[in-house]
Amino acid sequence: MTEQHSAADGGRKSRIRRRRFLSGIGGGGLAAAAVIFGKPAAASTNVVKGCCNLCVTPNTSLSNCEALVHYVWGCTEEGSLHCVCCEVGTTGQSCSGVSQSAYDCFYN
Amino acid sequence: MLFVFGFALLVLAAAVVVLFAMLAELASRLPDRPRRSMTIRRLDGLRLERAPDAWPGGLPARDHSVLLVLSTICSSCEDVARQLVSDPGHADWTAAAVVVSTADRIRGAEFVTQFGLERFPHFIDEGGKWVSGEFGVQTSPAALVFGGGRLRSAYEFNDVAALRAALDRAPHTEHEKEEV
């Protein structure tokens, strides 16, 4: 009876040891990965279309955008790409006030 | 047996972590864009030879300066801002200043801070009203070259080093070539 108890105890202890060992490996791996990779950079919420860097996904036409209270500006990239970028509702702080955007690009 | 298995697992996990770290390091060393344009093109339709009515306080003397007009709505301007500060950096360009055209002042200030442009004389141009009102500039990145208090020439560009090289060898008058 005592021998059966001690055999069962031994098996349980072995399982616990294995569990701790494996969880230690897992935890160590995660810690190592966190140290090596660090924190991810915050993803930009802006939408890049052509050379336009817009606060929101384009959701209106350029003519509609220009008809409202807006900020419109041109940009160039790679020497031949030309775009007109437009945003509506830019009176708020940062991108928070932007409700609509539009763009149009052409190459020459 | 358990020890050997655990050790093998640890080595395997470490190898995977190192592999991903190496890939990330390699990826970070690759340029985002294949190659930025070295073309410097003259901007047409601007008010050349104009002496501006107003000159913002944060900018260098208008007798001899180059204003780099960037916009917060322009993704290629972010690349130019990075070049100015760290890629490779142009702190030695004492004639240069930055005008940030932006929808609102806060966003313009964020742009200056984000890219470390504080080290250059700069002016946040809300709505781009100053550069468009005084000179007719409505696009970025643009370089406005001033001499004797007047706008002598203006260019669109994407590479700061190429712009500097072109300005060094070009006469800054309205009679310049189409492309420098």
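The values are calculated or read from the model by the stated rules, or taken from the named source; none is laboratory data. Worth saying up front: this structure is predicted, and the values here are computed from it rather than measured. Neighbour counts run over all protein chains shown; Cβ positions are idealised from the backbone, glycine included.
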Practice task
Please verify whether the range B:90-109 includes one or more residues that are within 21 Å of A:Val48 (Cβ to Cβ) and either among the basic types (Lys, Arg) or touching a residue at least 60 places away in the same chain (Cβ under 8 Å) (or both).
Solution key: yes
Fill in the blank from the handout: Looking across the range B:129-165 at residues that are among the acidic types (Asp, Glu) and outside any strand (DSSP E or B), the single one that is farthest from B:Asp63 (Cα to Cα) is B:Asp159
Exercise for the section: From the list B:Pro121, B:Pro141, pick out the single residue that is buried (at least 21 other Cβ atoms within 10 Å of the Cβ), in contact with a strand residue (DSSP E or B) (Cβ under 9 Å, 6 or more places away or on another chain) and either modelled with pLDDT of 95 or more or more than 9 Å from chain A (Cβ to nearest Cβ) (or both). Expected result: B:Pro141
Handout entry: Number of the exception - B:Ser140 against (1) more than 18 Å from B:Asp53 (Cβ to Cβ); (2) free of Cβ contacts under 8 Å to residues at least 60 places away in the same chain; (3) hydroxyl-bearing (Ser, Thr, Tyr)
Key = (2)
Practice task
Among residues belonging to the range B:69-88 that are touching a residue at least 12 places away in the same chain (Cβ under 8 Å) and more than 11 Å from chain A (Cβ to nearest Cβ), point out the one that is surrounded by the most Cβ atoms within 10 Å (Cβ to Cβ).
Solution key: B:Ala81
Exercise for the section: Identify, from the list B:Leu2, B:Leu10, the residue that is modelled with pLDDT under 80, surrounded by 15 or more Cβ atoms within 10 Å (Cβ to Cβ) and either under 30 Å from A:Arg18 (Cβ atoms) or within 10 Å of chain A (Cβ to nearest Cβ) (or both). Expected result: B:Leu10
